[in-house]
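No value in this document is a laboratory result; all are computed from the given coordinates. Predicted, not measured: the structure shown is a model, and the values here were computed from it. Ideal geometry is used to build each Cβ from the backbone, glycine not excepted, and the neighbour counts take in all protein chains shown.
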Amino acid sequence: MVTDNGVGSGGSAGQVGGNGSCEPELSDCLKTFGAVLKALREEARLTQEQFAPLVRYSVAYVAKIEQGKRFPPRDLLERSEEVLGAVAGRVLGAAARSLTRKAGLASWFRQWAGIEEEAISLYAYECRAIPGLLQPEPYIRAIFERRLPPLSEEQIERQVTARLERQQLLTERPNTAFSFVIEQALLERHMGGPEVARQLLDHLLEQGARRNVEIQVMPLRQYDHAGIDGLMYLAETPQHEWVGYSEGQQSSILITALKDVSAMLQRYGKLRSQALGREATVSLLEQMRGAL
C-alpha cells in the first residue's frame, strides 16, 4: 500500500481531529466497493483502459478506486450505469451505500487526493514547506528523514514513491490550471542543505515554465499580507464547485461550506496580488540559485 500523508510538508493529512497513524490501513468498505466495480467491469469484458474513458476518468484514477485507495466521485455511479447497464448500476449503488467516511487520516486524505486528480483548477498557498506537488525527490527525502517519530527506511521509501506518483498530475493534466504561492522563507531555509536547495530551485524553475503552472514567491518583507490564517489549498471540480483543504499539527480538514470556501478564495486572490509576479519570481529564483 502506498499513501501520501500530507499535501505539503509530509505531515498528517486527512483527519478532522485527533491522532492518526502514518501508515493507515485501507477501509474495508472502500476495498469492497472497489472489488464490486472491478467485478462488474470484468463481467462486461472491459479492461481498465477501455472502461476509464467511457466513464470519463483516467485509467490511474479508476485503478485506485478499484484498489480501495480513493473514494468514488459522485458522478461515477451514474456514468458506470450508462456503460455497464441498469442491473450493474443497482449493484454498484448498493455497494456505495455501505461506504463510510471515517474521521481518520486515510479517508480524508484519499478524498482530497481524489479531488486533486479531477480538479480543473488547483491553488495552493504554503508557509510551512514547498507544496508536495512541487517537491523534487531530494527535498521529499529530506522531509521524511527528519520526521518525528522517526520513520523506517521502508516507510520513507513508500512515502517518497507516493509523493512522486502524485506529482504526475502536473504532466497528466495539462488542462488543469495550477497556481502556487510560496513564502520566500521556505527557500531561504535550505531544508536538507545547499545541494538539496539547489535542486529545489532548479525544479521550481522547470515546473514554473509549464504553461499551466504559475509559481509566485511571497517576499520576506510584505507589510500587507492576506495569509495570516495559514496555509490553504483550493480546488475547482469539473462541476465548477470549489472545495478547500487545510492542515495543522496532527489534523486536517476538508472545507466545503460555501461561506468558508468563498473566504478562502478571497484570501488567495489577495495573496496572488501581493506576491511577486511570474517574471519577478523567476528572476528571484535564478538569483537565489546563483548565490548557492
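For a modelled paramagnetic label at GLU157, 7 Å from Cα along Cα-to-Cβ, the residues of segment 124-148 in reach, with backbone nitrogen under 17 Å, are 138, 141-142, 144-145. The aspartates and glutamates within cross-link reach of LYS31, meaning a Cα-to-Cα straight distance under 15 Å and a gap of 8 or more places when in the same chain, are GLU66.
Straight-line reach from LYS259: taking Cα to Cα under 18 Å and skipping same-chain neighbours fewer than 8 places apart, the lysines in range are LYS270. Could you compute the FRET efficiency for HIS190 and LYS270, with r as their C-beta to C-beta distance and R0 at 30 Å, rounded to 0.05? Efficiency computed from Cβ-Cβ geometry: 0.55. Label reach from ALA257 (point 7 Å along Cα→C-beta): in segment 204-246, amide nitrogens under 16 Å belong to 243-246.
When the charge dipole of segment 119-291 is built from unit charges on Cβ atoms (+1 for Lys and Arg, -1 for Asp and Glu) and taken about the Cα centre, the candidate among GLN274, ALA142, GLN207 whose Cα reaches farthest toward its positive end is GLN274. In plain terms, the chain from ASP224 to ALA60 could stretch by 54.8 nm, reckoned as 0.36 nm per residue minus the Cα-Cα distance. Across segment 156-168, computed HN-Hα scalar couplings (Karplus, 6.51 cos²θ - 1.76 cosθ + 1.60, θ = phi - 60°) run 4, 4, 5, 5, 4, 4, 4, 5, 5, 5, 5, 5, 5 Hz from first to last residue, x flagging Gly and Pro.
A helix-only calculation puts the chain at -15000 deg cm²/dmol for mean residue ellipticity at 222 nm, using -39500 (n - 2.57) for each DSSP H run of at least four residues, averaged over all residues.
I want the local charge near GLN266. Using Cβ-Cβ distances under 13 Å, sum +1 for each Lys or Arg and -1 for each Asp or Glu among the other residues. Intermediate results must be reported in sequence, preceding the final value.
Numbers: positive: LYS259, ARG267, LYS270, ARG272; negative: ASP229, ASP260.
Counting the neighbours of GLN266, the net charge comes to +2.
A crude spin-label estimate for the pair ASP75 and LEU284, with each label 7 Å from Cα along the Cβ direction, gives 3.6 nm. Counting only DSSP beta bridges with both residues in segment 126-281, the antiparallel share comes to about 55 percent.
Mind ordering 235-245, 59-69 by average Cβ neighbours within 10 Å, highest first? Before the final figure, lay out each step's value.
Numbers: 235-245: 16.5, 59-69: 19.7.
Descending mean neighbour count gives 59-69, 235-245.
Net charge near TYR125, counting Lys/Arg +1 and Asp/Glu -1 over other residues with Cβ under 13 Å of its Cβ?
Spelling it out: positives minus negatives among the neighbours equals -1.
When DSSP beta bridges are restricted to pairs lying wholly in the chain, around 55% turn out antiparallel.
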